[in-house]
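Here the structure comes first, spelled out in structure tokens, and everything after it is commentary.
The values are calculated or read from the model by the stated rules, or taken from the named source; none is laboratory data. The model shown is predicted, which means the values in this text are computed figures rather than measured ones. All Cβ positions, glycine included, derive from the backbone under ideal geometry; neighbour counts span all protein chains shown.
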Amino acid sequence: MHKVLFLDIDGVLNTNDGNEKHQTKLRRGKPIDRKKVKRLGKLIRYTGAKLVLHSGWRFWFDENKLPLRKEAAYLLRLLEKQKLSIYDMTPDLTTEEIRAAKRFSLVKAEEILAWLDAHQEVEVWAVLDDLDLQNERVASRQIRTDPSAGLTREKMWAAEKLLNPPIETFEELYRMLREHDRENRIARPREDTITVRLTGEYQFNIYDNTREVYLELATQDGQCYHFHPDYRGAYDYILDALEQPESVAEENEEEIKKAKESGECFMVCFALFWVGMFLLLLASTRFPNMSGVWILVTLILVIPLGIILTKLLQKCRKSAETDGKE
């Protein structure tokens, strides 16, 4: 065992937003958000870490980690659906005074460090908790969640970075991505390029540029780009895309649409410029004394005319597409 994730429950796998739906779940003994458990499952799959429970929920289990309350049984069922299990629990260092005041954050860090002292084989660890654990060493390895939001995608990736070492080479990036390629979507056509097929229309082209990586999401209609300062950032983004290809495609459709419209506008302006220059050339041969001001006027008018013409063309195309669907 080399990696451990210390897991809190309240404020991580659920929220205290206080809405009626949340309160109903509490009354039914199901105060856990399924989506957040799925994110936890994804985090564990990507890191291979063991789960150590340091939440107050650990008192709802017996010494064999069997549930004593329906809430604990529900938690185990959700974890099992993600093929997760509780490896261990931190020791109880609370006092009567702390339990009476419910100030468990005062000893949580001590409990985590005590568990680590008893398990010297652990090389990498991280903590998920919404509380200030009041210890510098623990704080340096803690991903602190917002109790009103719980385990978000951003917090999940932050924890993944703590548990996984940096990716040093483009070759290593390709190898690690292939480990998660269950549907044969990833290929390497060139030494500096990795392709990732998301759906029938969407494909990522990952280009290596001396450790600064940029991703091109290419479709039949256009491209958009994502720049990452390191291989780890590209890796996290692509893993998310492989898990939810349709979602990533939808998120990028608007960017691709804007990029396509900008390209069309540039081409129209470029064409108008050369048409204007051609007309000015013809006019100058007939009127040799023609002022250079007209050239400047042409340049100034090209851009707004190009934008207006592009908008009209795009509007006509959308109208034609709508009529075709009807």
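Odds and ends about this structure:
- Qualifying residue in region 100-114 (condition: over 17 Å from Leu53 (Cα atoms), modelled with pLDDT under 90, assigned by TED's automatic domain parsing to the domain that holds Asn16 and not charged (D, E, K, R)): yes
- Exclusive hit being within 22 Å of the chain's Cα centre (by Cα), in contact (Cβ under 8 Å) with a residue 40 or more places away in the chain and closer than 21 Å to Val124 by Cβ, set Lys42, Lys38: Lys42
- For region 153-178, the tally of residues that are in contact (Cβ under 8 Å) with a residue 40 or more places away in the chain and closer than 16 Å to Thr15 by Cα stands at 2.
- Some residue of region 2-20 being closer than 18 Å to Glu160 by Cβ, surrounded by fewer than 19 Cβ atoms within 10 Å (Cβ to Cβ) and modelled with pLDDT under 90: yes
- Residue within region 163-172 that is modelled with pLDDT of 90 or more and surrounded by 14 or more Cβ atoms within 10 Å (Cβ to Cβ) present: yes
- Inside region 186-218, residues that are more than 21 Å from Arg175 (Cβ to Cβ), at pLDDT below 70 and surrounded by 19 or more Cβ atoms within 10 Å (Cβ to Cβ) make up a count of 1.
- Residue within region 124-132 that is within 16 Å of Leu51 (Cα to Cα) and acidic (Asp, Glu) present: yes
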